[in-house]
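The structure appears below as structure tokens.
The values are calculated or read from the model by the stated rules, or taken from the named source; none is laboratory data. From a predicted model like this one, the values you see are computed outputs, not experimental measurements. Positions of Cβ are backbone-derived with ideal geometry, glycine not excepted, and every protein chain shown enters the neighbour counts. With ligands, DNA and RNA removed, areas are computed over all heavy atoms of the protein, side chains included. Shrake-Rupley method; radii C 1.70, N 1.55, O 1.52, S 1.80 Å.
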Amino acid sequence: MLKGVLTVGGWTMASRVLGFARDMLIASRLGAGPMADAFFVALKLPNLFRRLFGEGAFNAAFVPAFAGTLAVQGPAVARQLAERMAALMTLWLSLLVILGIIAMPQLMSVLAPGFTGDPAKFQMAIELTRITFPYLLLICLTALVSGVLNGLDRFAAAAAAPIFFNLLSMAALLVLTPYVATPAHALAWGVTVSGAVQLGLVLWACARAGMPLQFLKPPSLAPEVRQVLRRMGPGIIGAGVTQLNLAVDVIIASFLPAGAVSYLYYADRVGQLPLGVIGAAVGTAMLPLLSRQVRSGETLSAHRTMNRAMELSLLLCLPAAAGQAAAAWPIVSVLFQRGAFGAEAAALTAAALSAYALGLPAYVLVKIYAPGFFARGDTATPVKVGFAAVGLNIALNLLLIPWLSHVGVALATALSAWFNAGMLGWLLNRRGQMILDRRLRRRIPRLLLAAALMAGAILALRMVLFPMEGPPRFVVLGVLFSLEGPLRFLALAALVAAGGAVYFGVAQALGAIDVREVRGMLRRRRKTAPATTA
């Protein structure tokens, strides 16, 4: 599992770094006004379907079925299952894309009803979403092929594919802008083209792995396909409740003053970095392994997998959450404050980031707990919890927005994520499918203390390096130095490095981590590294 986590996490980190570069470029060209709001809504709809139908629900139902079929019946039968699912998905998603493009005004009225009061912004959102909507088909098929690769324990190509989304988006913004109506239109075209490139990459990797797939076979509702579909239906909500909550955020934020959607988007992008690198990586690597252990009756190994996945996730996500909450202002100001994105927009985005950060450990734990249900073929239980979490999110939005505006939207999402994670963990424990071992029970309080001390150190250093007004600064031998331009990144890097040093130093002193153990795992990974290529 560690090999898979490091492979997925490494490529995801590279993708997220490029994603920040892309968002910095978008912020400088589009700012946080009506045009940016329209583009982010246009991106939200295909991304929502991708995460619900393509990644969340499909992976929850398909990867355990594929991994189990591969282990029991062999690669030929597993390939047949994948091709049947691909043909069926191609058919119904193509119809969905066509209908969505035709009915886009009606869809936009549901997704962003607050835009109807501004006809120009509403029309731009419709135009941009029609351009990006084919991305839904392409990226869902990419998720299907990625599921095959994950079932084969080949994680690299699927994890690397999103890099092309960021590269092509930036290229389109820089190259196409003079030839289309607005920079947002150039971005929309870049999104759709990136979907085709990502699909081509994973198909190539699948063929190299010895399992070439054909999408053009007649759709078939064979028994194994119907089983995947039955599990996929409830998994749409169970695996994607976080995305549903974010969709609710967009709907509600569309009624707030201009810029609210953009503030939440930029804050969420920063928050998604550890969620993607940690939560998604651990969940992706864990699901096929846990599915095989459950299928083979290896109960003790399944418990150990859950415990080590939780330990690894909390070890990394707790300092990420504490750091984002304590350093929200420096992070946002350094990454995005330039061009059309001013100091006020940075401050409002930072407030949303601090609220989102409170829920980061819960988002990651949901990624760990959900495979505990999916590996056992149970996609119904997360649905029930998911419905309750979405309902709580809506109620909290209505309660908090009058007092906190867009920050209330982010805080409601964080609180509902904690409810979701708490209920899923409690149910797994009650069923005897997740029992915390002595090692994890001993280490969690120590990790929490280390994260709290790290947050305090960052807050103290932030007041020196990053005053709320003026550029970053530091003092050497009584002389005040001001950091501007690229040197702002150095100041942020110093802040992050200092926080990391405090966290890992305290965690090591308290016995929450063992550096020798980590070195031993990495040495074992290097010895087996050739098996993880492709």
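Assuming R0 = 25 Å, can you tell me the calculated FRET efficiency for the pair Thr116 and Ser94, based on Cβ-Cβ distance, to the nearest 0.05?
The calculated FRET efficiency here is 0.30.
7 Å from Cα along Cα→Cβ at both Trp426 and Ser109: what's the point-to-point distance in nm?
A separation of 4.0 nm, rounded to one decimal place.
Report the calculated FRET efficiency for Lys384 and Gln227 (r = Cβ-Cβ distance, R0 = 30 Å), to the nearest 0.05.
E(calc), rounded to 0.05, equals 0.90.
Could you tell me the accessible area of Thr69 in Å² (1.4 Å probe, neighbours in place), rounded to the nearest ten?
20 Å²
Taking K and R as +1 and D and E as -1, what net charge do the other residues with C-beta under 13 Å from the C-beta of Leu449 add up to?
Local net charge: +3.
Rounded to the nearest 10 Å², what accessible area does Cys206 have for a 1.4 Å probe in the complete protein model?
My reading of the accessible area for Cys206 is about 0 Å².
Once phi is turned into θ = phi - 60°, what whole-Hz ³J(HN,Hα) does the Karplus curve with 6.51, -1.76 and 1.60 give for every residue of region 411-420, x standing for Gly and Pro?
With coefficients 6.51, -1.76 and 1.60, one gets 5, 4, 4, 5, 5, 5, 5, 5, 4, 4 Hz.
Between Ala452 and Asp514, what is the FRET efficiency for a Förster distance of 22 Å, r being their Cβ-Cβ separation, to the nearest 0.05?
Approximately 0.60, to the nearest 0.05.
Classify region 92-196: rounded, prolate or oblate, from the alpha-carbon gyration tensor (a ≥ b ≥ c, eigenvalue square roots; a/c under 1.5 rounded; otherwise prolate if a/b is larger than b/c)?
Oblate shape, in that a/c is at least 1.5 and b/c is the bigger or equal ratio.
Rounded to two decimals, what ratio of Rg to Rh does region 250-402 give with C-alpha atoms and a Kirkwood Rh?
1.06
Testing the spin-label approximation: label points 7 Å from Cα along Cα→Cβ at Ile102 and Gln214. State their distance in nm.
Reported label-point gap for Ile102 and Gln214 is 3.1 nm.
For region 293-373, what is the per residue volume of the convex hull drawn over the alpha-carbon atoms, in cubic angstrom?
Cα-based convex hull of region 293-373, divided per residue, equals 98 Å³.
Full extension from Arg304 to Arg338: what is 0.36 nm times the residue separation minus their Cα-Cα distance, to one decimal in nm?
7.5 nm
Based on alpha-carbon centroids, what's the gap between region 444-467 and region 362-412 in Å, whole number please?
The distance from the Cα centre of region 444-467 to that of region 362-412 comes to 27 Å.
Between beta-carbons, use under 13 Å as the cut-off and find the net charge around Tyr263, counting Lys and Arg +1, Asp and Glu -1.
Once positives and negatives cancel, what remains is -4.
Which of the three applies to region 348-410, rounded, prolate or oblate, going by the alpha-carbon gyration tensor with a ≥ b ≥ c and a/c under 1.5 meaning rounded?
oblate
Need one number: nm distance between label points at Arg442 and Leu487, each 7 Å from Cα along Cα→Cβ, rounded to one decimal.
It works out to 4.8 nm between the two label points.
I'd like the distance separating the alpha-carbon centroids of region 259-327 and region 80-122, in whole Å.
29 Å
Could you give the length gained on full extension between Val180 and Ala14, defined as 0.36 nm per residue of separation minus the Cα-Cα distance, in nm?
56.8 nm
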